[in-house]
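The structure under discussion appears below in the form of structure tokens.
The values are calculated or read from the model by the stated rules, or taken from the named source; none is laboratory data. No experiment lies behind these values; they were computed from the predicted model shown. Backbone-built Cβ (ideal geometry, glycine too); neighbour counts: all protein chains shown.
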Amino acid sequence: MSEGELTGRTRIVCTLDDVLEASAVSQILDAEGVSYMIRTFEDTAYDGLFTQTKGWGQVIVMEADADRARDLLAEYLERSEGASGTRPEVAQAASAAPLPDGLVIAEVSPGDLPDLRGLHAQLVSERTLGGGAHEADPDRAEEVARQISRDTDIYLLLARRGGRVVGSLCLHIMPSLLGPALPWGQVEDLIVDEGSRRRGVGRALMEVAEGIARARGCLRLTLTCHDSREAARALYASLGFTEASTAFRKPL
């Protein structure tokens, strides 16, 4: 469909690998009467940057239809992406990063959630979320994981060694209208298992996140870090991060 056929607020619901996948997705959405637009990277200034790493193009729908469109396409995209579900830009960033021996970094899968919750429990024990105590909610965490898997602008990365999850990181790609209107990357919840710290896991996750952000054309990469986390602050400084602003937080 042409770009002019969608008016109002829109959302990107998935990224396409090639024109064949675009055709299959079009048939699914046409059959259900969902209005959509397919924007190819070949039509943009980012063709050379994105086509090899991010895919062939994107499917865009009206904001009100976004959840329905994702649900309609979820089964097809799971089959087409394979068991791991790791996107090309993640695989490329992981292969380019100097990972420690035996360390593998990929995107989260449903079977990883119990191990991921164990890592999160370690982080929560070190800091208080939102200024108050919060109990873990496994059911809600599972639903949020499904939502993340459908969002093309969120990357939940896991580091494994010997089949065991030893670290995780969440990267958000944030759109921006300022200046050159390029996106920026926000790193959240870098966690390394207590028994695997100071072995290059955190550095590897950060380097893969940076590779993804570069592949997505991000202008910068940002994160926040508590003053008390001296080892983490030293890691970020060694990776080229500098203190740029003061973070503010308001519990809700």
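Odds and ends about this structure:
- With a requirement of 2 or more residues that are loosely packed, with under 13 Cβ neighbours inside 10 Å and at pLDDT 80 or above, the helices (runs of 4 or more DSSP H) lying completely within segment 1-112 that satisfy it span 19-31.
- Residue satisfying all of: in segment 210-236; in contact with a helix residue (DSSP H, G or I) (Cβ under 8 Å, 6 or more places away or on another chain) and aliphatic (A, V, I, L, M); modelled with the lowest pLDDT among these: 232
- If the condition is being assigned to a strand (DSSP E or B) and within 29 Å of residue 162 (Cβ to Cβ), then segment 186-200 contributes 187, 188, 189, 190, 191, 192.
- Breaking point among (1) touching a residue at least 40 places away in the same chain (Cβ under 8 Å); (2) surrounded by fewer than 18 Cβ atoms within 10 Å (Cβ to Cβ); (3) not small (Gly, Ala, Ser), for residue 218: (2)
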